[in-house]
Amino acid sequence: MRDTPETPEVRVPRLVGLMAVDARRAAETHGVLLAAPDRPDLRRVVVEYVVRQFPPPGAEVPRGAAVTVWFDFADGEGGGGTGVREPRGPVPPGGGRRRELDEPGVPYAPLLGTR
């Protein structure tokens with residue numbers, strides 16, 4: 001499908017990996033709008049990179065539809081480069097259900113003194 005001003009549906013471009021300024025340009029060229037829930041001042045975002053988008057690249061959407069993108073700073077740009085993550089605690093000890101089971105190869109423990 002070729003995106004021309006007459007086509008009512010357009011394909012979503014791949015925006016992941018692009019800088020904000022390039023993502024805006026690509027979206028405009030393909031006939032879609034950008035929305036960024038984590039950046040209310042989207043027009044002022046320049047050096048951040050798109051790390052996620054919805055709908056995915058190649059999806060057909062109506063011309064003028066919004067493509068939601070999420071940003072992160074490039075390495076060394078002062079934003080941390082990793083985004084928000086949950087803290088990682090220590091790994092819980094083993095056990096649980098595995099501890100309740102008998103060792104493999106021993107289907108049951110014979111009872112001594114019964115017969």
Once the Cα gyration tensor of the range 9-50 is diagonalised, semi-axes √(5λ) in Å: 17, 11, 9
At 1.4 Å probe size, what's the solvent-accessible area of Glu28? Round to the nearest 10 Å². 150 Å²
Just the accessible area for Leu34, please: 1.4 Å probe, Å², rounded to the nearest 10? 30 Å²
Ordering Arg24, Arg43, Arg52, Arg14 by accessible area with a probe of 1.4 Å, largest first, what comes out? Arg43, Arg14, Arg52, Arg24
Hey, can you grab everything whose amide H is under 5 Å from the amide H of Arg52? Only 5+ residues off in sequence or another chain; H modelled, so Pro and N-termini drop out. Trp70
Give me, ordered by chain and number, the residues 5 or more places off Val67 or on other chains with an amide H under 5 Å from its own placed amide H. Leu33, Leu34, Ala35
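The values are calculated or read from the model by the stated rules, or taken from the named source; none is laboratory data. These figures come from a predicted structure and were not determined experimentally. Ligands, DNA and RNA are excluded from the accessible area calculation, which covers all protein heavy atoms including side chains. Shrake-Rupley method; radii C 1.70, N 1.55, O 1.52, S 1.80 Å.
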